[in-house]
1. List the residues of the range 197-227 whose backbone N lies under 12 Å from a point placed 7 Å from the Cα of L266 along the Cα-to-Cβ direction.
2. Ordered by residue, what ³J(HN,Hα) values in Hz, to whole numbers, does the range 377-391 give under the Karplus form 6.51 cos²θ - 1.76 cosθ + 1.60, where θ = phi - 60° and Gly and Pro are x?
3. If r is the Cβ-Cβ distance from D445 to E413 and R0 is 51 Å, what FRET efficiency results, to the nearest 0.05?
4. Using each residue's phi in the range 28-43, evaluate 6.51 cos²θ - 1.76 cosθ + 1.60 at θ = phi - 60° and report the 3J(HN,Hα) Karplus result to the nearest Hz, with x for Gly and Pro.
5. What does the C-alpha gyration tensor say about the overall shape of the range 300-340? Classify as rounded when a/c is under 1.5, otherwise prolate if a/b is larger than b/c, or oblate.
6. So if each residue of separation counts as 0.36 nm, and I subtract the Cα-Cα distance between R55 and E244, what length gain in nm does that give?
7. Could you tell me the distance between the Cα centroids of the range 297-340 and the range 70-84, to the nearest Å?
8. If you take the beta carbon distance between K336 and E100 as r and set R0 to 60 Å, what does 1/(1 + (r/R0)^6) give as a FRET efficiency, to the nearest 0.05?
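Nothing in this text is a laboratory measurement; each read-out follows from the coordinates by a stated rule. Being a predicted model, the structure only gives us computed values, none of them experimental. Heads up, the Cβs are rebuilt from the backbone with ideal geometry, glycines too, and the neighbour counts pull from every protein chain shown.
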Amino acid sequence: MNAPIIDPLQGDFPEVIEEYLEHGVMKCIAFNRRGTLLAAGCSDGNCVIWDFETRGIAKELRDKECNAAITSVCWSKFGHRILVSAADKSLTLWDVVSGERITRTTLQQTPLQARLHPGSSTPSLCLACPLSSAPMIVDLTTGSTTVLPVSVPDAGNGLVPASRNKFSDGTPPFTPTAACFNKYGDLVYVGNSKGEILIIDYKTILVHAMVPVTGGAVIKNIVFSRNGQYLLTNSNDRTLRIYENLLPLKDGRKALDDLEETHKELNGVEKLKAVGSKCLTLFRDFQDSVTKVHWKAPCFSGDGEWVVGGCASKGEHKIYIWDRAGHLVKILEGPKEALIDLAWHPVHPIVVSVSLTGLVYIWAKDYTENWSAFAPDFKELEENEEYVEREDEFDLVPETEKVKESDVNEDDEVDIVTLEKDSAFSDSDMSQDELCFLPAIPSPDVPEQQDKGVESSSKLVDSNHSGSPLSEEAGPNGRATNHASSPLEDDAGGSRMKRKRKPSEKILELQAEKVKKPLKPSGRLSKVKNKSVADLDNGNGFLGDDVSD
C-alpha cells in the first residue's frame, strides 16, 4: 500500500477480515519480531510457519515424538529458533532454517505457555507456566528447572497459595499462574491467584516488589508492550488493566536495589508494597460494563497505542479494540466460532485470530485511497459544480501558461543504497543476522494423467467446462471432464483423440458439383480446378468420401 494515497485521519486499527489461513487445526499463533513470518501450532503436534507476505507455508516442523496439541509457540529475538510447548508436557526448541530439532525437555506438568529469554540471540533459558504448578525457569540445554515463588513468605507458608481447584492425581491444589519477562529479560513479572503482581529476580529467586491489583481477582494473563513501557493484565473480575512501568528498561535489577535502599526502615510485605509502588502504577482499566464478558489473549498493538482483547464467550468471535486512553474504538465481529488466540502484527495494523475450528483469520484495515495525492493540482468535488472554461484553455499553446521552474537540482546524486530505518524498531534492536524470510521450496508437479494430445486439445473445450472449482462437472484435478457434446471424440479404441472440423467452402462446392456431375474415377486425383488436395481441404487432410481413388 502506497503511503501517499492513504487518508492520514483514519485510525490505525483493523476493520474487516481480509483473508483466512487453513492448514489442519491450528491452536496458537505468534509473529516473529518483524512480522514477516507467522508460526502456528496445530492439534497434531506440528508447527507451521507461514510467510506472511505471500500467505504461503514456508516451513513445517514435524516432531515424530509429539502427537499432542501445541499450547504455545515463541520466537527467539532474531528469529532463528522457535520454542514449542505441547500438551504432552514437552518443550521443544527448533532451528527454523534447517527445520531440525535442537533439544526436547519433558516437564512434570503440561506447560500452558512458554517464553524464550528475550535478551539473547541464541537463548537457552525459557519461562514456562505449567497447568498445575508454579512458573519455572527451564534450562533447555541441561533440562534443569527452577521454580519461581508465587507468593511472599509473610503471606503464608510455602510458595503455593491455596486454590479452589482440586486435582485427583495427588498433586497439590493450584491455580494456573501467569508470568512474563520484561523487555530485556533481567526480571520476571508474576501474576498470582491472590491478585498480586510480583517482581522477581529469577537468578536469586527472590521477590523484590509486590503490586496488589484492585479487587484481588485471579490474574490470568500478563504481558508487556513491545517497547516495555506498559504492562497489561487480565483478571477474573473481567477487567483488563494497564500499568505504567516506572523502572528503566535496562538495568531494572539495579534500580530495584536502589529502591530497596530507600526503604530500609520497612520490612516484609510493607517494604515490598512500597517498592512495588515505585515500579508500577495503574494507568487505565478496560471492561465491557454492559455484557461483563471475560477476556482471552489480550495484547498491545505493535506501537503500544491500542489494546486488544478477545471475547471468551462460547460461540462468539469478537475482538474489542481500545485506545490507550480507555475509549472503545472498534468491535470486530467474526464468524460464529469461539476465539482461542490472537496476535497483533508488530508493524502493521493487522490482527490475526484463531478460531475453535482451527482457522486463522487475518483482520486488516479497509483503506480509503486518496488518488488525488498523485496530482497536487487536482481538486476533489463533493458535488457537481458549474465550470466556466477559459478563453485559451484548449489552445495548443495557452497564452496564460507560465513555465514553473523546478526546485529539484538535477545534478544531485540520488542515494539508492541507504535503507531507511523503521521507526518501530530502535537501533539496539537492529541486527544483520536477523532471520526475516525463509527460502521458498517449490511444490512437486502433479503427474500428468493423460497424453500430451489431450493436454493440447483440452484448450479447445467449451469455456463452460473450463475446469473451474465451482463447476459441478469439473474433474477431481480441476480439469473439465469430457461430455457427449464435447468436440473431443475417441478414435480406434481411444488410443488417440481427433477433432471434428467444419467443412470448408471449397469442399462444400466440390460436394455440390459431385451431386450434379460425378467425378470420373481415376487412379490418383492430383488436382481439381488447378488446386491441390491440400488446398481444397484447407489444410484439413484428405477428403475422405469426397475423393475416391
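1. Of the residues in the range 197-227, 209-212 have backbone N under 12 Å from the label point off L266.
2. 7, 7, 10, 7, 10, 6, 8, 5, 10, 6, 10, 10, 7, 6, 5
3. Details: r = 47 Å, r/R0 = 0.93.
Between D445 and E413 the formula returns 0.60.
4. Computed from phi, the couplings for the range 28-43 are 8, 9, 6, 7, 6, 5, 8, x, 8, 10, 10, 9, 9, x, 10, 6 Hz.
5. Working: a/c = 2.88, a/b = 2.24, b/c = 1.29.
Cα axes put the range 300-340 in the prolate bin.
6. Values: separation 189, 0.36 × 189 = 68.04 nm, distance 3.58 nm.
Taking 0.36 nm per residue and subtracting the Cα distance, the gain is 64.5 nm.
7. Distance between centres, Cα-based: 24 Å.
8. Numbers: r = 40 Å, r/R0 = 0.67.
Approximately 0.90, to the nearest 0.05.
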